[in-house]
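The values are calculated or read from the model by the stated rules, or taken from the named source; none is laboratory data. All of these numbers come straight from a predicted model, not from anything done at the bench. Quick reminder, even Gly has a Cβ in these numbers, built from the backbone with ideal geometry, and neighbours come from all protein chains shown.
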Amino acid sequence: MAVKIRLARIGSHKKPFYRIVAASGEKAVQKKFIEILGTYNPSSNTGSQFNIDKDKFDKWISLGAKPSDTVMSLVKKQGK
């Protein structure tokens, strides 16, 4: 079972809001996930807001989870 760290959309129409989740690679994006690692709000009034629990993220990376390209670019932009 390959674990991926990816975005799961929970926002409404034209108001996107995402959770950063650790999920099984075989499951669809909207299905069950293992753990919530953070949030991403691209349409915030003060610019995009990205929050991630660094300890949880590092734990999953050490266990072999592969982050998606989008999550990896967000993490690099924040400098974590």
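In this structure, does ARG19 turn out to be assigned to a strand (DSSP E or B), surrounded by 13 or more Cβ atoms within 10 Å (Cβ to Cβ), out of contact with any strand residue (DSSP E or B) (no Cβ under 6 Å at 6 or more places or on another chain) and not aliphatic (A, V, I, L, M)? Lay out the reasoning, then the answer.
Values: assigned to a strand (DSSP E or B): yes; surrounded by 13 or more Cβ atoms within 10 Å (Cβ to Cβ): yes; out of contact with any strand residue (DSSP E or B) (no Cβ under 6 Å at 6 or more places or on another chain): no; not aliphatic (A, V, I, L, M): yes.
Against the criterion (assigned to a strand (DSSP E or B), surrounded by 13 or more Cβ atoms within 10 Å (Cβ to Cβ), out of contact with any strand residue (DSSP E or B) (no Cβ under 6 Å at 6 or more places or on another chain) and not aliphatic (A, V, I, L, M)), ARG19 does not qualify.
To keep it simple, each residue is scored yes or no on (1) exposed (fewer than 14 other Cβ atoms within 10 Å of the Cβ); (2) hydrophobic (A, V, I, L, M, F, W, C); (3) assigned to a strand (DSSP E or B); (4) modelled with pLDDT of 90 or more.
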{"position": "LEU7", "(1), (2), (3), (4)": "no, yes, yes, yes"}
{"position": "GLU26", "(1), (2), (3), (4)": "yes, no, no, no"}
{"position": "LYS31", "(1), (2), (3), (4)": "yes, no, no, no"}
{"position": "THR46", "(1), (2), (3), (4)": "yes, no, no, no"}
{"position": "PHE50", "(1), (2), (3), (4)": "no, yes, yes, no"}
{"position": "LYS56", "(1), (2), (3), (4)": "no, no, no, yes"}
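Considering only residues that are within 14 Å of the chain's Cα centre (by Cα) and at pLDDT below 90, which ones fall in the range 33-44?
Listed by number, the residues that qualify are PHE33, ILE34, PRO42.
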